[in-house]
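Below is one structure, written out as structure tokens; the observations come after it.
Just so you know, all these numbers are worked out from the coordinates, no wet-lab data involved. Please read all numbers here as calculations on a predicted model, not as lab measurements. Note: ideal-geometry Cβ built from the backbone for every residue, glycine included; neighbour counts use all protein chains shown.
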Ligand code: THU
């Protein structure tokens, strides 16, 4: 990725701050693990998500997928970055929360792996930035199926 495509420090701060706010909405009475996400669209909008659990466990949804599904259902399909914060219940963020495999695959559907930036944060000052290609190497995506259809 070239330097101009990398998020500015200010944008990262705003995204992390928004993810921290979104985490307050987490509905996680079973795991008591609260996650918030802030998804940046190519058009510059921020769409938030939190994890939403369920008494039947299986229907639970991760914060990242909540954000993606909200955005796609509103017509947005191009994304630049996502900030994720997660830790056991409480105000303090004690760990970096990396996206689960299912969420990485959902990102693969709508993002360019070498360009989409994933920020995992403990605070606005303490974070790590990865591309989707780094967290999901050799991923299977829409191009595979389309190429197969066109062959
Ligand atoms: N969780 C997320 O929201 N995102 C992830 O990428 C990993 C896990 C949620 C699901 C569940 O509500 C809780 O964290 C504990 O697994």
Starting with the fewest neighbours, write out 111, 146 ranked by other beta-carbon atoms found within 10 Å of each beta-carbon.
146, 111
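Would you work out the relative contact order for the chain, in percent, from Cα pairs under 8 angstrom that are 6 or more residues apart? Mind dumping the intermediate values first?
Values: 299 pairs, mean separation 30.3, N = 151.
For the chain, the relative contact order is 20 percent.
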In a Debye calculation with equal point scatterers on the alpha-carbon sites of the chain and no solvent, what is log10 I(q)/I(0) at q = 0.09, 0.12, 0.17 Å⁻¹?
-0.27, -0.47, -0.93
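Share of antiparallel DSSP beta bridges in the range 64-151, in percent to the nearest 5? Don't jump to the answer; show the numbers that get you there.
Numbers: 5 of 9 bridges.
Beta bridges within the range 64-151, antiparallel portion: roughly 55 percent.
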Using alpha-carbon positions, the gyration tensor of the range 29-90 gives root eigenvalues a ≥ b ≥ c; with a/c under 1.5 called rounded, otherwise prolate if a/b exceeds b/c, else oblate, the class is oblate
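Taking the Cβ of each residue in 107, 1, 76 as the centre, tally the other Cβ atoms inside 10 Å and list the residues starting with the fewest.
On the way: 107 24, 1 12, 76 17.
Neighbour counts put them in this order, fewest first: 1, 76, 107.
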Which of 119, 82 has the fewest Cβ neighbours within 10 Å, and the rest in rising order
119, 82
